[in-house]
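These notes are about the structure you will find just below.
Coordinate-derived values only; no laboratory data. Please read these numbers as outputs of a predicted model, since none were measured by experiment. Note: ideal-geometry Cβ built from the backbone for every residue, glycine included; neighbour counts use all protein chains shown.
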Amino acid sequence: MHAALDRLYKERPGGDPLPRSGSLPAWIARGRELVAAIVAEREIGSHPAERAMARRVERLLERFLADEAGRETGGFEPWLLEAAFGEYEEAERPTLELDGWGLHGAIDRVDRDPAGRAIVIDYKLSGAVTPREKFEEQAKLQLPLYLLAVGEHWGAEPVGGIYHPLRGTSVRRPRGVVSAAAAADVGDYGLYDRDVVEAEELAELLADSRRRAGEIVARMRAGDIRRDPGPRRGLRGHDACPPFCDFAPICRRDRAPEYVEDEDVEER
């Protein structure tokens, strides 16, 4: 899905920088071709489950493009796609230096307006995404740190960042944080009121994310490696990590499927 969107927005089928009502059929047709090409490149599709997955991706892509075509942009257009920074060959920019440690990554998409204001868009293959008020609680630092990268490495004014759910059903509203000074201009994303903050609060969030990331890195360098945030009862059916697992401190169990433990199994 990410690869298909990256290629689509770089190609701009029909000539529009993002799908519009007149060019939507061209975007959808090219999107189908790209999904098929990527499936072939990765040598998947021989198994029925893989073919079903490819069809699912195709439908999600078509729905996303239709949503985009019906959205007012407010003058913001795709500017950076898969904007990579770090110590690898394909990176456009170097590692982002943050208080004695270096960050590398790849930003799915950055939209920019003629005034140089930018909004980071991170695609998520999920039905729901993290709201702004959960950034601290759930240690979701990716989006704020990407905003820092856009400002420091690409020279744009970061006015917001959103997580865009690609698998949402009845509700597909992005969540994140956007400056109130730009909220009316960034386009019709259907932002929640609580995801819109004053410019000072956005600046404070970025500074706090920089600080917290530094604290986590310092702790890891000292040998204290843990899963952040810690396991919480009720998180998609999970409880605490099993004490016999050596990898429990660094695994991402919130991404694992729900399961029921056998209470008769003895601990090792």
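Here are some notes:
- Cα pair distances in segment 8-163, grouped into 5 Å bins until the bin that holds the longest one, percent each: 2, 8, 14, 17, 18, 17, 14, 7, 3, 0
- Taking the centroid of alpha carbons for each part, segment 1-35 and segment 51-72 are 10 Å apart.
- Vicinal HN-Hα couplings computed from phi for segment 82-99 (Karplus, 6.51 cos²θ - 1.76 cosθ + 1.60; Hz; Gly/Pro x): 6, 6, 9, 9, x, 9, 9, 4, 7, 5, 7, 10, x, 4, 7, 7, 9, 6
- Label-point gap, in nm, between Ala54 and Asp67 - each point 7 angstrom along Cα→Cβ: 2.5
- Segment 2-69: C-alpha gyration tensor shape, a/c 1.5 cut-off, then a/b vs b/c: prolate
- The chymotrypsin sites (Phe, Trp or Tyr not before Pro) of segment 1-107 that DSSP puts in a loop, and whose beta carbon has at most 10 other beta carbons within 10 Å, are Tyr88.
- The relative contact order of segment 2-69 comes to 38 percent, based on Cα pairs under 8 Å that sit 6 or more residues apart.
- Contour excess over end-to-end distance, with Cα ends at Asp16 and Ala203 and 0.36 nm allotted per residue: 64.0 nm
- Looking at segment 19-68, the trypsin sites (Lys or Arg not before Pro) that sit in a DSSP loop and have at most 12 other Cβ atoms within 10 Å of their own Cβ are Arg42.
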